[in-house]
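Working notes, structure below.
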Ligand code: SIN
C-alpha cells in the first residue's frame, strides 16, 4: 500500500466511484466534482444488462451489442464487457446488492430494446443508478477526499504525461493539484443540447480537456437520442425508461394509432435510433406522441421515479398516456482508450461516457452503460494499482506557477449553443446544416492555446470546443450509421473490416490538420 501516491478522479458517477472504491485502500484518492448531483448515474432508471438467465449466453449479449452498434464496435472490448461484466454482477449479487426480486426471492430479469434475451437487472424499480451510487459511496466515504463545486479547466501535461489539473471554484478561485495518475470520468455531452435526459452540467468539457492534453478522440458523431423523455408544455421533465416499453407500453398518437407498427420487426422495442427517428418524424409532421402505459399493472410501484416526474409535469397517470419526445442521451464516441482505460497521454485514463472504449459502436445497446462503467472502472483501477511507484510528483505538490490571462475571448452564450446543437446536430442531420454550425462555432475564439484563455471562461470555452469536435466528426462521416443519421447520405457504407485500425488513423490525421 502506498498512500503517498495520489490519484485524481474527475467526476463522481458510477465509473469514478468504482475506481475510487478499488483504489482508496491503496492510494490517496481525490474526487473532484462540479457538485454531488452533477452526474448521470443518479438519473439512470434503466438497469444493468448482464447474462444471468439460464437460457442466455455471453455470446448472445455480445452479438446483440454488435448488432445494435451497427458492427462498428471494438469486438475485443465487447467480449471483455459481457464476460467480465457478468462475473462482477454475480459478485454484487453475492454481496447482497439489492437487485429487485419477486415475492419468492428470485431476481426479476427484464428485457429492453434490441436485446434478444431477458437480461436487465434493476434496483428500486427505476432507481437503479441511485442505488448503485449509494452502494459505492458507502464503501468509499471516509477513505476518499471529495472536492466539490470545482470545475476542472485544464489538464496539466508535461512531456506527454498528465501530472495534474487546474480548477476553478464557484467563487472564481483558481488552484492546481498534482497527482501520479488522473482519471477523466466527466460523463458525456447531453447538456450541450436543448433537450436532454442528462444533468445540465454535463456538457462535454472532458472531451475538450483531453483534446488539449493531446489525447486522441474518436466517433464523436455517434450521439444516442433517447426516444422517450417526458415532454409537456414545451419542456422535458426527465427520462421515461425503456423498461416501460419492456413491460409492454406502446408508442401511440392521440387517436391511439401505433407509431412503431410496421416500422421494425421489434416494433416498440426496436433499437433506440430507429424509434427516436420515427417519433421525431411523427412530431415534425405535427402529431403529439404518447406512451400508452395503461396495460402496466402497478405502474406507480414499478416506476416510482417516473410517477414522480409525471406528478411534477401535471400528467394524469390514470389516463394511461405519457406525452414523450426524444432527447440527447448518450455519446458513444469519446477519448480513445485501450482495454485498460489508458489514453494516449501517459498517466491519463478515461472512463465511462467520456471514453471511447469501442464497446458501443454506432448505437449503444440499452443498459450497457452501467456495465461498461463497472467493467472498465475495474480495468483502470487494476492498471493504476499495478503501475510502478512514482516519486517525482511529490516535488510538484502545491506548485502554482501558472500565469493566467485576463484578456476576455469571444464565446457564444450557452443557451444559443444548446439551441443550435439541437437544430443542426440532432436526430436528423445534413451536410449544409452541419457546415453552417461549424462556421458559426469558428466565428468564436476557438483555436488558440488553452493558456491564453482566462480561467473564468474556460468552462464555456471547453463546451464550445466539444461542440466543434462533435460537428467536425459529424461532417467527416459521410454516411448514415446507427445514431448518426444524415439526410444527404441516408445509407451505410460497406467495408467495415479493420474499422478500428483505420478509424484511429483517420482521426489522428484529422487532428493533425486541425492542430489538436
Ligand atoms: C432507460 O432506462 O431507458 C435508459 C437506460 C439506458 O440508457 O441504458
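Quick check: the distance between the Cα centres of the stretch 214-261 and the stretch 462-492, to the nearest angstrom?
If we compute the Cα centre of each part, the gap is 19 Å.
In what sequence do 472, 186 fall when counting other Cβ within 10 Å, fewest first?
Exposure proxy ranking, most exposed first: 472, 186.
Relative to the compact globular guide of 2.2 N^0.38 Å, what is the alpha carbon radius of gyration of the chain, as a ratio?
0.93
Pairing the Cα long axis of helix 414-424 with the longest principal axis of the chain, what angle in degrees results, from 0 to 90 and rounded to the nearest 10?
50
Find the relative contact order for the stretch 187-228 and round it to a whole percent, using C-alpha pairs within less than 8 Å whose residues are 6+ positions apart.
29
To the nearest 0.05, how large is the calculated FRET efficiency for residue 134 and residue 173 if R₀ is 35 Å and r is the Cβ-Cβ distance?
The formula returns an efficiency of 0.70 here.
Quick check on the exposure proxy: order 151, 318 from fewest to most C-beta atoms within 10 angstrom.
Sorted ascending by nearby Cβ count, the order is 318, 151.
If neighbour count is taken as other Cβ atoms inside 10 Å, put 8, 296, 32 in order from fewest to most.
Ascending number of Cβ neighbours within 10 Å: 296, 32, 8.
For residue 296 and residue 266, what does the FRET efficiency come to when R0 = 25 Å and r is the distance between their Cβ atoms, rounded to the nearest 0.05?
For R0 = 25 Å, the calculated efficiency reads 0.85.
For the chain, what is the calculated [θ] at 222 nm in deg cm²/dmol (nearest 500), taking -39500 (n - 2.57) for each run of four or more DSSP H residues and dividing by its residue count?
One gets -10500 deg cm²/dmol as the mean residue ellipticity at 222 nm.
Over the stretch 1-158, what is the relative contact order in whole percent, taking alpha-carbon pairs under 8 Å and six or more residues apart?
35
By how many nm would the segment from residue 235 to residue 103 lengthen if fully extended, with 0.36 nm per residue of separation less the alpha-carbon distance?
Computed gain between residue 235 and residue 103 is 43.7 nm.
Considering only DSSP beta bridges with both partners in the chain, what is the antiparallel share in %, to the nearest 5?
The answer is about 65 percent antiparallel.
Pairs of Cα atoms under 8 Å, at least six residues apart: use those to get the relative contact order of the chain, whole percent.
Relative CO of the chain lands at 21 percent.
Which percent of Cα pairs goes in each bin when the distances of the stretch 313-380 are cut into 5 angstrom slices starting at zero?
4, 15, 23, 16, 10, 8, 7, 7, 5, 3, 1, 0
When the convex hull of the C-alpha atoms of the stretch 343-492 is computed, what volume per residue in Å³ does it have?
Hull volume normalised by residue count: 155 Å³.
Can you give the FRET efficiency for residue 456 and residue 416, using 1/(1 + (r/R0)^6), R0 = 22 Å, r = Cβ-Cβ distance, to the nearest 0.05?
The calculated FRET efficiency here is 0.70.
No value in this document is a laboratory result; all are computed from the given coordinates. No experiment lies behind these values; they were computed from the predicted model shown. Reconstructed Cβ throughout: ideal geometry from the backbone, glycine too, with neighbour counts over all protein chains shown.
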